[in-house]
1. Inspect all residues belonging to the stretch 29-47 and state whether any of them is more than 14 Å from E17 (Cα to Cα), surrounded by 12 or more Cβ atoms within 10 Å (Cβ to Cβ) and without any contact (Cβ under 8 Å) to a residue 24 or more places away in the chain.
2. Checking I102 against (1) farther than 30 Å from Y10 by Cα; (2) among the β-branched types (V, I, T); (3) at pLDDT below 75: exactly one of these is not met. Which one?
3. Say whether the condition of being aliphatic (A, V, I, L, M), at negative phi, modelled with pLDDT of 90 or more and more than 16 Å from the ligand (Cβ to nearest atom) is met by at least one residue in the stretch 78-90.
4. Which of the residues spanning the stretch 6-25 are surrounded by fewer than 14 Cβ atoms within 10 Å (Cβ to Cβ) and closer than 20 Å to I66 by Cβ?
5. Which residues, taken from the stretch 31-65, are farther than 12 Å from T5 by Cβ, charged (D, E, K, R) and touching a strand residue (DSSP E or B) at 6+ places or on another chain (Cβ under 9 Å)?
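The values are calculated or read from the model by the stated rules, or taken from the named source; none is laboratory data. All of these numbers come straight from a predicted model, not from anything done at the bench. Backbone-built Cβ (ideal geometry, glycine too); neighbour counts: all protein chains shown.
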Amino acid sequence: MRSLTIIASYRDLPLAELAKSKLESEGIPCFLLNKNIIALNWLYSTALGGVELQVRTEDVENALKILKDDHSSDLLDIENEFPEPEQGDLCTNCGSSNIRLIKVSRKYGALSLLLSFPLILFGKKYQCKDCGYKMN
Ligand SMILES: [Zn+2]
């Protein structure tokens, strides 16, 4: 008979779902306990001990290793995924062409998602690498 072991508990459902999908993507079957009751009323989470993540006992060691894997260094590359400024864009302060996109406005990002229309194009901010001046 196979037995199940609780390897983690999460106060919030999204974190529990994230851990579950991480394990499932590595081929480890797992289950979330208390998921439905906490989805109905988040305030029960503390009383129930959170959303508990269960795996088969033989998968415990492997599952814990997968959950501990740190991929935060992958985030360092994200800045480089912003599109480079278009040819001809110049710093309005010093005239340098050495500028980069630093920020896409969250407000326009949220509106873009809501309206399914790329308003995000209007919320860009650039910074001059030479003088540090920030511009829209
Ligand atoms: Zn400049």
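1. yes
2. In the conditions (1) farther than 30 Å from Y10 by Cα; (2) among the β-branched types (V, I, T); (3) at pLDDT below 75, I102 misses (3) alone.
3. No, because not a single residue in the stretch 78-90 is aliphatic (A, V, I, L, M), at negative phi, modelled with pLDDT of 90 or more and more than 16 Å from the ligand (Cβ to nearest atom).
4. Within the stretch 6-25, I6, D12, P14, L18, S21, E24, S25 qualify.
5. K35
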